[in-house]
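**Q** Quick one: the structure is below, and I'll ask about it shortly.
Rule-based calculations on the coordinates, nothing more; no lab input. The structure presented is a predicted model; accordingly, all values stated were derived computationally and were not measured. Counting neighbours? That spans all protein chains shown, and the Cβs are built from the backbone with ideal geometry, glycine included.
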Amino acid sequence: MTASLSGTFLKAAFWCCLIAPVLFMPPHTFAAESTKEQYKKIDRDLRQHKKKLEQTKKMETSVLDDLRRAAEELREVEGQHQKQRVRMHAIQGKIAIVQGQIAASSAAIEAQRDHLKKRLRALQKANAQNDALLILLTTEDIGKSMRLMRYLKDISAQDQKVIAQYQSALVSLGKEQEQLKGLRASLQAEERKIAKLEESIKEKQKRREALLSQVRKDKSMYEHLIQSLREDQNRLARILKDAEQKELSRKKSSSGRTGSSKREDVYEDSAFTRLKGKLPWPVQGSVELKYGSQVDPIFNLPVFRSGLTIKAASGASAKAVAEGRVVYADSFKGYGQLVIVSHGGGYHTLYGNLSRIFSHNGAIIKENQPVGEIGESQATGSSGLYFEIRYKGKPLDPQQWLGRR
């Protein structure tokens, strides 16, 4: 189975991504909230896991880049292996030809050697040169003497020719044997190269299999994280639905109160709607991660960012964008320290990645009032605020609601 592909691997930003479909599920009865210590433990576990993900993120290249590189290297080595095989077969062909030539030369030399041995034995046996000289000196027939001299000269020339051919054949055989020796050395060198390339191919195949195994493992972990996110978002949806129900209950119970007392307990349904495009920013800073649907570049899986991550200095105050009531103020898996403010009419704002919380459940909060201190963003690893706006549990694009700067 992406440093540098290049796309980075298992971006920690998924911790603050909300899966849109789960927000349209019918709400269930809200379960009792866990204790603060349980939330803190979950948050600690989250941070430890995030640290491991950050270590993976710092890889020089992405796993997919490594896979592509391993496949390319494997193809290159296999190509070299094929070329070496062709060269080796060519050398083997030359060796066969030279061996045939050596066999033929050896046979011819052996025949010449046998002929010369027979001639030498015949000359030695008859002492042909002395007998011929005696005949030449004692004969009275001049014509016969002349014919005998020519005959002896022809025999000597033929023997010299045979000897010269034999010597030449021996020289050729030596060259052919040297050529064969060189070819065999080349063949051994090619065989060593091929063995080395085959070992390299095995190593690269093993590396590629290991990378594929890692991709499968990481993909499984990624899918597990997505499932965990879905569960967290279901829980968040239940919290928001419960807050809405409580708000409706307060409206009903406050119907007999005076206008001033109403103002402290509930908010007009249309009040927040009229603020669209005019809300103050919860903190001054640039937007690092935007709202909306995105596709993970590594596994091609859809993710949905339900809010913005706004870059801000660590320790800066996150401020409420409008008056409302705090309905959640505690740790929340994937958000760090989280504050949720209800503004009535089904509208809520969420402030995540806080290092400290300045409010508590049920507290009435005013516009621009600090709700907490900004800590590290779990999506980017740097300090920043995670901010959402929701209507009846459905995330809205915050930049359409916040005023221009």
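**Q** LEU289's amide H: which non-local residues (gap 5+, or another chain) put their own amide H closer than 5 Å, with H modeled 1.01 Å from N in plane and none for Pro or chain starts?
**A** THR309
**Q** If you don't mind, another one. How long is the gain from ARG192 to GLN165 if the chain were fully straight, where each residue apart is worth 0.36 nm and the alpha carbon distance is subtracted?
**A** Difference between extended and current length: 5.7 nm.
**Q** If you stretched the chain out fully between SER293 and LYS181, how much longer would it get, using 0.36 nm times the residue separation minus the C-alpha to C-alpha distance?
**A** Computed gain between SER293 and LYS181 is 33.2 nm.
**Q** Would you please put 386-398, 238-250 in order of how densely packed they are, using the mean number of other Cβ atoms within 10 angstrom per residue and starting with the highest?
**A** Put in order of decreasing packing, that is 386-398, 238-250.
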